[in-house]
């Protein structure tokens, strides 16, 4: 079965480089601080931070999913692009071989940025998936983005 590809686009008043630094490069430190009720920790379990690195996201007590692991596929600070593949964890992976994400930030003339996130879900043979099944996960990911954005707006000198 073909992959289910979904594209989300967003805008932000935060400059592209600043958002990339906080949301991508310093996610391991920043996100657990901003969202301790949801995310307990993010740690590198293999690799040096570049492509091939494996990261483990441990969720807070009482959440449905205990942890996820993902592999960094590409990270390009100059072009503000990042891609990774979820390789372990969560109920959705019972139905899906893998999930990959490609994220790109671009500066806008007003000093903010626009972003694009392409998610590709590769189902296991004979399994049918639809957008409703993945909607909750996408909403949680957007909550992380919004928390980082709100932090950067409230702290304009952070990540300069």
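For the reader, a short list of remarks on this structure follows.
Per-residue answers, yes or no, for (1) under 20 Å from residue 83 (Cβ atoms); (2) modelled with pLDDT under 95:
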| residue | (1), (2) |
| --- | --- |
| 22 | yes, no |
| 39 | no, yes |
| 49 | yes, yes |
| 60 | no, yes |
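- Of the criteria (1) in contact (Cβ under 8 Å) with a residue 40 or more places away in the chain; (2) touching a strand residue (DSSP E or B) at 6+ places or on another chain (Cβ under 7 Å); (3) crowded, with 17+ Cβ neighbours inside 10 Å, which one residue 114 fails: (3)
- Every residue from segment 28-42 that is touching a residue at least 12 places away in the same chain (Cβ under 8 Å), in a helix (DSSP H, G or I), surrounded by fewer than 19 Cβ atoms within 10 Å (Cβ to Cβ) and in contact with a strand residue (DSSP E or B) (Cβ under 6 Å, 6 or more places away or on another chain): 28
- Only one of the numbered conditions (1) surrounded by fewer than 16 Cβ atoms within 10 Å (Cβ to Cβ); (2) within 13 Å of the chain's Cα centre (by Cα); (3) more than 28 Å from residue 160 (Cβ to Cβ) is violated by residue 8, and that is (3).
- Only listed residue being over 28 Å from residue 157 (Cβ atoms) and either loosely packed, with under 14 Cβ neighbours inside 10 Å or at pLDDT 95 or above (or both), chosen from 16, 2: 2
- Of the criteria (1) touching a strand residue (DSSP E or B) at 6+ places or on another chain (Cβ under 7 Å); (2) surrounded by 14 or more Cβ atoms within 10 Å (Cβ to Cβ); (3) outside any strand (DSSP E or B), which one residue 21 fails: (1)
- Among the residues making up segment 99-110, those that are part of a strand (DSSP E or B) and either more than 15 Å from the chain's Cα centre (by Cα) or farther than 20 Å from residue 142 by Cα (or both) are 106, 107.
- When residues of segment 117-159 are limited to those that are touching a helix residue (DSSP H, G or I) at 6+ places or on another chain (Cβ under 7 Å) and in a loop (DSSP other than H, G, I, E, B), the one surrounded by the most Cβ atoms within 10 Å (Cβ to Cβ): 159
- Of all the numbered requirements in (1) closer than 12 Å to residue 12 by Cβ; (2) surrounded by fewer than 17 Cβ atoms within 10 Å (Cβ to Cβ); (3) out of contact with any strand residue (DSSP E or B) (no Cβ under 8 Å at 6 or more places or on another chain), residue 107 misses one, and that requirement is (3).
- Test: residue in segment 74-86 that is part of a strand (DSSP E or B), farther than 29 Å from residue 153 by Cβ and under 15 Å from the mean Cα position of the chain (by Cα): yes
- Of the residues making up segment 58-78, those that are closer than 19 Å to residue 120 by Cβ and either surrounded by 15 or more Cβ atoms within 10 Å (Cβ to Cβ) or out of contact with any strand residue (DSSP E or B) (no Cβ under 9 Å at 6 or more places or on another chain) (or both) are 68, 69, 70, 71, 72, 73, 75.
The values are calculated or read from the model by the stated rules, or taken from the named source; none is laboratory data. Quick caveat, the model's predicted, so the values are computed rather than measured. When we count neighbours, we look across all protein chains shown, and the Cβ atoms used for this are built from the backbone with ideal geometry, even at glycine.
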